[in-house]
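So the structure is just underneath, and the comments pick up after that.
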Amino acid sequence: MKKKWGLIAILFSLVLVLSACGSQKSSSNSAKTKTITLALDYTPNTNHTGLYVAQEKGYFKKYGLKVKFIQPPQNGPEGLIGAGKAQFGVSFQDTMAGVITGKNKQPITAIAALVQHNTSGIMSRKADNITSPKAMTGTRYSTWGLPIEQAIIKEVVNQDGGNYKDVKLVPSNVTDEVAGLKSKKIDDIWVYEGWAVQNAKIQNYPVNYFAFRNINPTFDYYTPVLVGNNAYMKQNPKITKDFVKAVSEGYTYAAKHPQAAATILKNENPELKKGKSGELVDVSQKFLSTQYIADAPKFGYIDATRWNKFYSWLNDNKLVKGQLQKDQGFTNKYLPEKE
């Protein structure tokens, strides 16, 4: 009987030990999972496809990351990221210029280019024959009222032999650029080729479009970019590198499989399936699949010469408070060494 109860006691102890080990292992695995908040710059669109691919295909999970996507406040995600309320987010090189200088500068840094080249430019009605910046002279331009935006328009119009003083600035409340042109309340508008120009195509609405980077290489800046909170990245370099690896895998997949990636984006954001939106996502994704990496050595790479050239132009034209320094605002150190 003593032997029997002794054996039971041993077995019971063993169960307790194994349970404790299992609990510790579970607790250890839980501790390894890091929660990250990522602030988008706008409502979900094909600029973000690689992020949603990384989420849906488990790339974040593979690196022990749990990522929560949030919408930005009305004034953009930069302040949210700078305050540490989101560790990472999506921004633009031109927008960053105004928030990484001056007294109230935000502690944020671009860590990957989500699209390799500036795919924005001017779209107008085909019949109006606005095929170059000088042709904008005397037209109604839909403006956001931003100093950097208007300075770029002034530069390209005057450089092309036009007269910026004769461009009529119309405050913009346009959310659908094609509808804006159809209304004939404006003549030309700043758009992104991957969305608005593709929208015009699927609506069979004839437009002209020219890209800023083809007019002046200074304006081939980075838009959009993945940015992070400086303090968080300094304290968590491995997590940051793992996060960027997962993002890189997501965009590389989206570049190689545009239709499958478009389907993932739509499934994760059902509002993008409504009406013509689904078709627009498909054609936009097809276009951007060639732009995520393009001619760069790898996804996310930021060319210092291009970055600095645009910031030097901003300094020369006194478009930022303070002075932007060489190589300020970006780094390639978190990018994967090999694809």
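Just so you know, all these numbers are worked out from the coordinates, no wet-lab data involved. Being a predicted model, the structure only gives us computed values, none of them experimental. Backbone-built Cβ (ideal geometry, glycine too); neighbour counts: all protein chains shown.
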> Counting other C-beta atoms within 10 Å, which of LYS103, LYS234 has the fewest, and how do the rest follow?
Replying inline: LYS103, LYS234
> Computed from these coordinates, which is Rg/Rh (Cα atoms, Kirkwood Rh): (1) 1.12; (2) 1.48; (3) 0.97?
Replying inline: (1)
> In the neighborhood of SER120, defined by Cβ-to-Cβ distances under 12 Å, what is the net charge if each Lys or Arg adds +1 and each Asp or Glu adds -1?
Replying inline: -4
>> Only four residue types carry charge here, +1 at the Cβ of Lys and Arg and -1 at the Cβ of Asp and Glu. Report the dipole size of the range 120-218 about the Cα centre in Debye, rounded to the nearest 20.
In response: 240
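Taking the range 121-203, which trypsin sites (Lys or Arg not before Pro) meet the DSSP loop condition and have no more than 16 other C-beta atoms within 10 Å? It would help to have the intermediate numbers written out before the result.
Values: sites: ARG125, LYS126, LYS134, ARG140, LYS154, LYS165, LYS168, LYS182, LYS184, LYS185, LYS201; in loops: LYS184, LYS185.
Sites meeting the loop and neighbour criteria: LYS184, LYS185.
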>> Please compare each pair in LYS85/LYS276; LYS234/LYS326; LYS309/LYS333 to a cut-off of 32 Å on the Cα-Cα distance and tell me which ones are over it.
In response: LYS85/LYS276
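Count charges around THR137 for me, please; just the other residues with Cβ under 15 Å from its Cβ, Lys/Arg as +1, Asp/Glu as -1. Walk me through the intermediate numbers first.
Numbers: positive: LYS134, ARG140, LYS154, LYS165, LYS168; negative: ASP128, GLU155, ASP160, ASP166, ASP187, ASP188.
Result for the local shell: -1.
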> Taking only Cα atoms, what is the 0 to 90° angle, nearest 10, from helix 304-316's long axis to the longest principal axis of the chain?
Replying inline: 50
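Using the 10 angstrom Cβ neighbour count as an exposure proxy, how do LYS62, LYS318 rank, fewest first?
Numbers: LYS62 13, LYS318 10.
Least to most surrounded, the residues fall as LYS318, LYS62.
Determine the sum of side-chain charges near PRO72: Lys and Arg each +1, Asp and Glu each -1, restricted to other residues whose C-beta is under 10 angstrom from that of PRO72.
Numbers: positive: none; negative: ASP41, GLU78.
Net charge in that neighbourhood comes out at -2.
Contact order normalised by length for the chain, with contacts defined as Cα pairs under 8 Å and 6 or more residues apart; what percent is it? Provide the component values of the computation, followed by the final result.
Details: 567 pairs, mean separation 88.4, N = 339.
Averaging sequence separation for qualifying contacts and normalising by length gives 26 percent for the chain.
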> Using the 10 angstrom Cβ neighbour count as an exposure proxy, how do ASP128, ASP282, ASP176 rank, fewest first?
Replying inline: ASP176, ASP128, ASP282
